[in-house]
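Engineer: Can you keep this structure in mind? I'll have questions shortly.
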Amino acid sequence: MGIIKSHDVTLYGGNDAYRIILRPLSDEHLPYLYKWNSNPEVLYWTEGDDVESYPPEVVHEIYGGISQNNLCFLVEVDGRAIGDCWLQKMNLPNVREMYADSTDVRRIDMMIGEKNYWGKGIGTLFIGMLVKYAFECEQVDILHCFCEDYNIRSRRVWEKNGFTLIFKEEIPQPHKGKLQYHWKLTKDEYDERRFAHNDAICSPPKTICREA
């Protein structure tokens, strides 16, 4: 039995500068995950806790656990693996309590492990692809996502994809960030923006949902 439970969804998108594919994450991608999760600079931006490296057994625990009931993707840009992202059922009780029990609330988490691809707008593009898939294919009701105040790039990703900052909460100190930002986008808000912009919003119109 493998460590990562894979799936059969592949997403295609990008723009004139970058061809992006979100592939089902699987055990064959573990070498990338080991590399990115042992880089202190990468983890500085992806982890709220002050952690500099995760050993392989912790990587197995993280990705093996989250992949059992959620969709995890390898982010590939122009044929090169550069990071991963997840479409995850909301796992925080305090956030779940904000919504009715019948509401399908998900969160998106992301990592760009290759530093040469930072600051190029790629995160905005592939998160847009995942937002599109969540609302148009999975019929998710609400996306509720997070970043900390020091992570300006992450904040811009959510803003550019139409999320609204709904509140900030203080983080117990000492900690890298002082505030945790909560971002929300509903299906109705997504549809309103999609129709207002003739379907050319967060992700490019050529992004499609496809079974592998």
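The values are calculated or read from the model by the stated rules, or taken from the named source; none is laboratory data. Nothing here was measured: the structure is a model prediction, and the numbers come from that model. Note: ideal-geometry Cβ built from the backbone for every residue, glycine included; neighbour counts use all protein chains shown. Please note that ligands, DNA and RNA were not included when accessible areas were found on the heavy atoms of the full protein model with its side chains. Shrake-Rupley method; radii C 1.70, N 1.55, O 1.52, S 1.80 Å.
Engineer: Pairs please, first residue from the stretch 29-47 and farther than 24 Å from Y150 by Cα, second anywhere and open to solvent by less than 80 Å² (accessible area, probe 1.4 Å) and outside any helix (DSSP H, G or I), Cβ atoms under 6 Å, 6+ apart in sequence or on different chains.
Structural biologist: Listed by first residue and then by second, the contacts come to H29/L74; Y32/A81.
Engineer: Something else about it: Of all residues in the stretch 1-24, which are open to solvent by 70 Å² or more (accessible area, probe 1.4 Å) and over 15 Å from the mean Cα position of the chain (by Cα)?
Structural biologist: Let us first name the residues in the stretch 1-24 that are open to solvent by 70 Å² or more (accessible area, probe 1.4 Å), namely 1, 5, 8, 16, 19, 23.
Of everything in the stretch 1-24, those that are open to solvent by 70 Å² or more (accessible area, probe 1.4 Å) and over 15 Å from the mean Cα position of the chain (by Cα) turn out to be M1, K5, D8, D16, R19.
Engineer: Could you please find all residues in the stretch 109-137 being open to solvent by 40 Å² or more (accessible area, probe 1.4 Å), in contact with a strand residue (DSSP E or B) (Cβ under 7 Å, 6 or more places away or on another chain) and in a loop (DSSP other than H, G, I, E, B)?
Structural biologist: Selection gives W118, C137.
Engineer: Specify the residue that is nearest to T124 (Cα to Cα); the eligible residues are those in the stretch 77-103 that are open to solvent by 40 Å² or more (accessible area, probe 1.4 Å) and polar (S, T, N, Q).
Structural biologist: Ranking the candidates gives N91 first.
Results for (1) free of Cβ contacts under 8 Å to residues at least 60 places away in the same chain; (2) out of contact with any Gly (no Cβ under 6 Å at 6 or more places or on another chain), shown as yes or no for each residue.
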position	(1), (2)
N69	yes, yes
D84	yes, yes
P93	yes, yes
R96	yes, yes
R106	yes, yes
M129	no, no
K132	no, yes
E136	no, yes
Y150	yes, no
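Engineer: Additional query: If I filter the stretch 156-192 down to residues being open to solvent by less than 70 Å² (accessible area, probe 1.4 Å) and among the basic types (K, R), which single residue comes out as farthest from the chain's Cα centre (by Cα)?
Structural biologist: Per the stated criteria, the residue is K176.
Engineer: Could you list, in sequence order, the residues of the stretch 37-69 that are open to solvent by less than 30 Å² (accessible area, probe 1.4 Å), within 19 Å of I112 (Cβ to Cβ) and assigned to a helix (DSSP H, G or I)?
Structural biologist: Within the stretch 37-69, V42, L43, V59, Y63, I66 qualify.
Engineer: Does K160 fit the bill of being within 18 Å of G13 (Cβ to Cβ) and in contact with a helix residue (DSSP H, G or I) (Cβ under 9 Å, 6 or more places away or on another chain)?
Structural biologist: Values: within 18 Å of G13 (Cβ to Cβ): yes; in contact with a helix residue (DSSP H, G or I) (Cβ under 9 Å, 6 or more places away or on another chain): yes.
So K160 passes the test.
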